[in-house]
Amino acid sequence: MLKKIATGFLAVAATSALALSLPAAANATANATAAGASSHDDDYSDYWGPVYAKNSLAKSQGWIGVSWDEDGESNEVTVKGRLYDLDNRDEDEGGKCAFVKFEASDFDHDWSPVFSKKYCGFPGYKKFTFSENDVFSVRVKVCQIGQYSNYPTKCGSWDYIYTAESE
């Protein structure tokens, strides 16, 4: 009698575990399908940010996608994002604009500036997109900059948003 009760409990436990795991498996498949659909057929994609200026009065965030050729020797990196001006002061009060800059390293690990964007327009944002070929790593830095200046200030630190080693 005790053996039948124990067997019954085991059967119920196994059935419950199976029933609980099926929705999770279905959800994982749905999430993988959705992630594949949103990756724009890239070999690697991820969201990055938010990245802030040193004083948090400017920020940027976005998405990065990497597509490799069939030999795995060359790639194209696409970065999309938004640059937010969070400084509500006007120029007379010392207010500044938002500024974002990106650098990329090639396969020899030599860094080069590849894109920058300035936006003045609290409380809004400006969208941007750029692409680069044969990229090993990408990093981003957010700063502030005067409306009529070419010299960024109050820069945050470099934030690495992609490296081929992390794939």
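The values are calculated or read from the model by the stated rules, or taken from the named source; none is laboratory data. Values in this document were obtained by computation on a predicted structure and should not be read as measured data. Note that we place each Cβ from the backbone using ideal geometry, even for glycine, and neighbour counts take in every protein chain shown. Side chains included, ligands, DNA and RNA excluded: accessible areas come from the protein's heavy atoms. Shrake-Rupley method; radii C 1.70, N 1.55, O 1.52, S 1.80 Å.
Run the numbers on the range 69-163 and let me know its relative contact order in percent, using alpha-carbon pairs under 8 Å that are six or more apart. Kindly include the intermediate steps, with their values, before the conclusion.
On the way: 206 pairs, mean separation 29.9, N = 95.
Answer for the range 69-163 is 31 percent.
Count the net charge of all other residues whose Cβ sits under 15 Å from the Cβ of SER56, scoring Lys and Arg as +1 and Asp and Glu as -1.
Overall, the nearby charge balance is +3.
Neighbours of GLU103, meaning other residues whose beta-carbon lies under 12 angstrom from its beta-carbon, give a summed charge of -1 when Lys and Arg score +1 and Asp and Glu score -1. Accessible area per residue (1.4 Å probe, heavy atoms of protein chains only) ranks GLU93, GLU167 as GLU93, GLU167, with the largest value leading. Excluding same-chain neighbours fewer than eight residues apart, the lysines reachable from LYS59 by a Cα-Cα span under 21 Å are LYS80, LYS96, LYS101, LYS117, LYS118, LYS126, LYS127, LYS141, LYS154.
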